[in-house]
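The values are calculated or read from the model by the stated rules, or taken from the named source; none is laboratory data. Not measured: the values here are computed from a predicted model. Neighbour counts are summed over all protein chains in view; Cβ atoms, including those assigned to glycine, are modelled from backbone coordinates with ideal geometry.
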C-alpha cells in the first residue's frame, strides 16, 4: 500500500474494466482517460534475485509511505527485531534473508518487519460458500494507485504459498500447500496500537499453520496494529473468522462472513460510506436462505452491493478472489476477465487491467 495519504487514499478512478490480454496486445478503446495496471504472477522458490528486483522497484514508493509521519514515528530496528523474535520466531531467518536482499539498510529492515507501520485501511467483503466444496470468496476494495498488482508464489522454508502480495512479502489473501486459505478485511475501528501490519500476520499463518485450528491459535495470540477480520478455511472445510484488534483480545468466531466491522459498528462514518452492514446482511441472507450454485454465489461478488465502484475514494473493488484449498487452486475475477492459478502448477504470467478515469 505504497502511496502517501492519511486515513483515506484518493485515487482519480471511478470505474474499472478488466480485460484479459497478452502483455503486447494493444489497449482497447475504452475512453480517452485510462490507466493501465499490469498484474504480474511471480514465482521464486527461495528468496533471490526476483524478489530483490521487486523490492528495488517498489521500495521508493513504500519508503515515502513508511516515512510519511516521520522516521521517529516508526519503531527502531532493534525493537522491530525483538517483536518478531517474541511473536514470530519461526520466520525470523526468512526476514533476515529478505533484509539482506533488500540491501541491509536500517529503513528497509524496519519496513520489512511490518512492526507498527503507518495506519491504513481498506474495504473488502469475504464469505465461505455453504456448499460441500471448501470455497472462500473475497472482494478487495482499495485504491488502484496504492496496490502492488502482484501475485507471489514461493516455497520459502519448505512451505509452498501463493497469494496477493502487499509490502513485498506480506499477503492480503492467500493459500498454502497444506490446504489452508486466509483472507482479511478491515475491522472498521480507528484505534491504532502496538502490533504488526496484518499482511505479515497472514504470511506467518500460511508459513507455519496447516489447518484452521492451528491458524486460530496463532491469530488469537499475534498482536495487530489495527483492527482486522481474518477468515480462515482449510481443506476439510473447517473455518473461522478472527476479529483482531490492538486494544482487546482477538475474538475467534465461527462466522462465515466478514465485511468492515466487528461485533458491532464502532466507526459510523466509515460504516455508512462503505455500506459494511448492508453488505454483511446481503451475504448472510445468501448463506441462510438456501445453498445456491457455486458460480451464482461467486457472481454476486461482481455486482452491487458487494462490488464497489468507489474508486475515487480509494474503495473500488480491485478484484474478486476465489480460493479452493482442497484443490490447491485459486482465481482472480473481474467483470470481464478471469485468471486461474494453480498452487502446484504455477505459471508466471501477467494480465493488463484497464481503469477508466473520471
Listed by first then second residue, the pairs whose first member lies in segment 143-156 and is within 16 Å of residue 343 (Cβ to Cβ), whose partner is assigned to a helix (DSSP H, G or I) and at pLDDT 95 or above, with beta carbons under 8 Å and at least 6 positions apart or on separate chains, are 156/94; 156/207
What do you reckon, is residue 290 more than 29 Å from residue 154 (Cα to Cα), out of contact with any helix residue (DSSP H, G or I) (no Cβ under 6 Å at 6 or more places or on another chain) and either touching a residue at least 24 places away in the same chain (Cβ under 8 Å) or surrounded by fewer than 21 Cβ atoms within 10 Å (Cβ to Cβ) (or both)?
-> yes
Just wondering, is there one or more residues in segment 191-213 that are without any contact (Cβ under 8 Å) to a residue 40 or more places away in the chain, in contact with a helix residue (DSSP H, G or I) (Cβ under 6 Å, 6 or more places away or on another chain) and more than 19 Å from residue 74 (Cβ to Cβ)?
-> yes
Members of segment 213-249 that are under 25 Å from residue 326 (Cβ atoms) and surrounded by 23 or more Cβ atoms within 10 Å (Cβ to Cβ) = 215, 219, 229, 230, 231, 232, 233, 234, 241, 242
In segment 328-358, the residues that are part of a loop (DSSP other than H, G, I, E, B) and free of Cβ contacts under 8 Å to residues at least 12 places away in the same chain = 345
Top-ranked residue of segment 302-320 - restricted to ones that are out of contact with any helix residue (DSSP H, G or I) (no Cβ under 9 Å at 6 or more places or on another chain) and either modelled with pLDDT of 95 or more or within 24 Å of residue 42 (Cβ to Cβ) (or both), ranked as surrounded by the fewest Cβ atoms within 10 Å (Cβ to Cβ) = 303
Before we move on, is residue 177 in contact with a helix residue (DSSP H, G or I) (Cβ under 7 Å, 6 or more places away or on another chain) and farther than 29 Å from residue 75 by Cα?
-> no
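The rows are residues; the columns are (1) exposed (fewer than 13 other Cβ atoms within 10 Å of the Cβ); (2) modelled with pLDDT of 95 or more; (3) within 25 Å of residue 120 (Cα to Cα).
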position	(1), (2), (3)
259	no, yes, yes
264	yes, yes, yes
277	no, yes, yes
284	no, yes, no
Tell me which residues, restricted to segment 47-68, are in contact (Cβ under 8 Å) with a residue 24 or more places away in the chain and exposed (fewer than 12 other Cβ atoms within 10 Å of the Cβ).
-> 48
Might you let me know whether segment 306-314 holds any residue that is touching a strand residue (DSSP E or B) at 6+ places or on another chain (Cβ under 7 Å) and on the phi > 0 side of the Ramachandran plot?
-> yes
Checked 204, 228 against criteria (touching a strand residue (DSSP E or B) at 6+ places or on another chain (Cβ under 6 Å) and either modelled with pLDDT of 95 or more or closer than 29 Å to residue 46 by Cα (or both)); the one match is 228
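Per-residue answers, yes or no, for (1) buried (at least 20 other Cβ atoms within 10 Å of the Cβ); (2) under 20 Å from residue 41 (Cα atoms); (3) in contact (Cβ under 8 Å) with a residue 40 or more places away in the chain:
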| position | (1), (2), (3) |
| --- | --- |
| 89 | no, no, no |
| 115 | yes, no, yes |
| 118 | no, no, yes |
| 124 | yes, no, yes |
| 134 | yes, no, yes |
| 139 | yes, yes, yes |
